Every structure is written in structure tokens, then in C-alpha cells.
1. Fewest first, what order do Asp271, Asp355, Asp82 take by the number of other Cβ atoms within 10 Å?
2. For Val61, what residues show an amide H to amide H distance below 5 Å, using hydrogens built from the backbone and excluding near sequence neighbours?
3. Restricting attention to the alpha-carbon atoms of segment 314-404, what are Rg (one decimal) and Dmax (integer), both in Å?
4. Given an 8 Å cut-off on Cα distances and at least 6 residues of separation, report the relative contact order of segment 2-63 as a percent.
5. Beyond 31 Å between alpha-carbons counts as too far, so tell me which of Lys48/Lys415; Lys48/Lys288; Lys251/Lys327; Lys169/Lys208; Lys167/Lys288 fall in that bin.
6. Kirkwood hydrodynamic radius for segment 176-297: how many Å is it when counted over pairs of different Cα atoms?
7. Please arrange Val227, Val49, Val382 by how many other C-beta atoms lie within 10 Å of their C-beta, fewest to most.
8. Alpha carbons only, please: Rg and Dmax for segment 2-63, in angstrom.
Amino acid sequence: MSRRIEIELTSSRPDGTWTWRAAGAREPKGVVDGSILPAGAKVGDVFKVEAEADIDGMTIVGVVQTRVKVAKVDTIALVAQDKPFEPVTQQLARKTRGERGERGERRDRGERRDRGERGERRDRGERGHRSERGSRDVAPPSVDSRQNRGPRRPRFETPPELPLRPKAKRLRAGNTHRNSVLSELPENQRPIAELALQGMQTVRLRLKEANVALSAEGKPTMPEQSVLQMAENLLPRLRVADWLDRAEAAKRDLAQLDLRDLRSIVAAANDAVIVRSDLCRELAAELKNGLAARSEQEYSNWLSDIDANLGIGRVVRALKLAGQPPKAGAIFPAELGRRLAEAATSNLTSDALIDRWVAVLEAAAFTPIRAQLAITSKPASVPAELVKTIERLASLLPQIATAFGIEAASSHAPKPLRPTRPTKKLPPRPPARSPVVATTAAETAAGSPSVDPSPEAASAAPVVDVDSRPATD
């Protein structure tokens, strides 16, 4: 099934084909026939195309025509008149006291009958509000009927909200250093360099697939040793350039960057290639110091958020925060843990709602205070929803399962439940393409130029066939 993507042309080839990659990304990429592209195409142009994904990668079927904005030519001409302009004014007449609007004047209703003199009205006393007087036809409920309704359902008062902290930014690395290294390489070595960034295993796999395809067509194969040696020589410079792009982006957003991205960059700085580079040494030390400061700040914010939510009565949110430490092995204070365990235990009572039981157990099962959780009184009836929750969390909360006489459903530790997302309505599938178009696309993708097997041509020959087969996910 085809889908539409945007591609960017990266280079042209003597055989009339063009190399491409996804616009603004590194993957996917491949080769497209020049006859599909519009006239005047050049390196750097971005087109929206129809692409098909198969085992060998992405195959470009055709270019989607973009909408052309047409200037509107039909206009309305305003013709001036020779007559002088005469303004129009409006003045509304004021209503008199005797007028009654649509019901007519009082004099149209005729004379009133003589009813004689009206006597004095009897004193009714003070009249209350209509809602206090009640209905005239329905009698107020008696005291016995109110007592026979049974116990009232417990009411849960929603605690006040706390302002949330801003969400951390994810890393958006540029490609300045990477493009600088690629621009210094010869044109025939750039595709191999892009493959080397994905690892030597990817280079070996693509090279093997290209040689198998050439052998099936009866063409000379490429020298594997020469291509692999070229990729190994290019790899150190490429890894340094890729790390510099990521490290400079992390330095710009050091105060708001997600700790996961910052830790990955600092961990990558321990690579021997990065350590030997003079360009990376100072930047790596700065990022390590920034990571240590950010870790201490996030740890302090984590404890303060738990304490603030616990102070206003948001026990479930405090439990969820306690189960999401900023780093592995973070120490949880004993005093704060005791307060959190007492607050969670006070929510597990016989008069609490079943939904409250489920929410507190789900949140407390993945916190460091789960062993301190206890039950003072069980509900009168245990519904199936609560039984299912206790069975799932029995391995983490064995004291709760024992209190209810429930055994663990599995010995493996469960994972936290993910919040459910609303289902999105998928667009209708596009109509199937005709067999003629599919055959043409397959023939285009199968075509490959001849390759010189000599070692002197190793730098040029692998470029054509290795890059023609993009990696599959």
C-alpha cells in the first residue's frame, strides 16, 4: 500500500537517477528515477511523492502535483453615480405612558365594570421564598421516609489544584558538523559515510544484499574488503561530528532539557573517539557538570512536589510522583515516607468509594512506601473490580492481598497501567493502484548500473548499489 511522504533530493547520478532522503530526517532514503521528477529539479528540492514500502525498502512511484494558487480575475467594478449623495436619517418616536405595545391601548379594551368599593385585605403574614414554600399539590416528605432511605453515599471533596511544572524539552540536534564533514568528502564516498553512521553492521548487510543482486543479474560484484575499509576510515570523524551536533543542542537547552537526553550525551562522551578529540573535551566536561547540577535540582523539585501535593490532600498524585524518581536509586526521606504511608492508609477505609480504593492501590504499588501500607477496615462488599486490582498487584502488596484472602495471579511484578487515549478515526484507505503502475515501479527499483570489480573503482562502485537499497525497520 502506497503512502505519501516528503523527500529531499541529495545528489544526482550520471545514469539519470537521484538519491533522496526524507525531508528533515536521516531515514528513510533511497534512489528515484529522474524521469519521475519534474523538469528543473535540483539538489535540495523537496517534493511530495507516492512511495511504496517493501522488503527492499522504499520505492518512489510518482510525484504528487501540488495545488497551484490561481489568482482571481473576476472582480466587481464599483461605478460612481453623478447624482449628489443624500444621507438618510432615522428618528424613533417616543412611546407615551398609555401605549401597551402589541397588546394595544387600554382604551381599546372597553370600559371596566363597576365592581364597587374593595374592602380591606386580610393580613397574610410574611411570605417566604417560592422554593421554601414548596408545591401546593405535593406533600413534604415525612421524617420516617427520610430515615428509611438508608445510609448516604460518602462524598469525596476534590482538593485544590497545584500549578504544574513546565514539561522538559526533548533534544533537537542539528546537523552542522555532520554536513561539514560530508561536504569535505568526495561525492562517491558520501553514501558510504551516511551508512557508516548507522554502524558497520548496516554497511556489511547492504553490501551483501547488493552483491547478491548483482550475482543474480550476472554482473561483477563489489570488493567487500575495500568498501568496509573505507567505511571504517570515515567512521571516527563522523562519530565526532554527530556527537558535537547533539552536545551543542544540549548546551543551548541545558536548563530545560530532559535528563534522559542529557544522560545519553554524557554517556556517549566516554567513547574513546570522543575522548581523544580536542574539540569534544571541554564541551564534555561542561555537560557533565551541568548534568550533576540538574540532577540535584530535579531531586529537590521531586521531593517538594510530593510534599506540596500531600499538604493539600492530593494523595494519589503524591503517590504517583513518589513512583517516578528523577534518577534510579534516589533516596526517599523516611519522614516523608511515613507521612505518605499514613495518608494512603487513611484513604483505605470501609466508607471510602471503591474507585478510591483502586486508585490508591494502583498508585501506591509502585512507590518505595508500599510495604508500609496497611488496612484498618475493609469495605462491607468487595466488588469484582477491586478483587481484580488486588490480584494484579498481589506480588507488590502481599499484606493487602493477605488481608482480603486473595492469592497473586502471577509471580511476575506487574507494570503500571497506562492512561487510555481516545481512539482516533482513521481516514479511508486510498484506492489500490493499477498493476501497470506497480510493474513499472518494480522494474525501476530493480535496475542497477554495472560495476567495475577492480580495487581502483571500489570508492565509486559501492556508492551506486549500496545506497540503492535503504534499510528496513
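1. Details: Asp271 16, Asp355 11, Asp82 4.
Ranked by crowding around the Cβ, least crowded first: Asp82, Asp355, Asp271.
2. Glu50, Ala51, Glu52
3. That works out to 12.8, 41 Å for Rg and Dmax.
4. Values: 122 pairs, mean separation 22.2, N = 62.
Computed value for segment 2-63: 36 percent relative contact order.
5. Details: Lys48/Lys415 41 Å; Lys48/Lys288 42 Å; Lys251/Lys327 20 Å; Lys169/Lys208 40 Å; Lys167/Lys288 22 Å.
Pairs exceeding the cut-off: Lys48/Lys415; Lys48/Lys288; Lys169/Lys208.
6. Values: mean 1/r = 0.0612 Å⁻¹.
Computed over Cα pairs of segment 176-297, the Kirkwood hydrodynamic radius comes out at 16.4 Å.
7. Working: Val227 25, Val49 20, Val382 15.
The most exposed by this proxy come first: Val382, Val49, Val227.
8. For segment 2-63, the Cα-based Rg and Dmax read 10.5, 32 Å.
Every number here is computed from the coordinates shown, using simple stated rules; none is lab data. All figures in this text were calculated on a predicted structure; none of them were measured in a lab. Methodologically, a virtual Cβ is constructed for each residue, glycine included, from the backbone with ideal geometry; neighbour enumeration extends over all protein chains shown.
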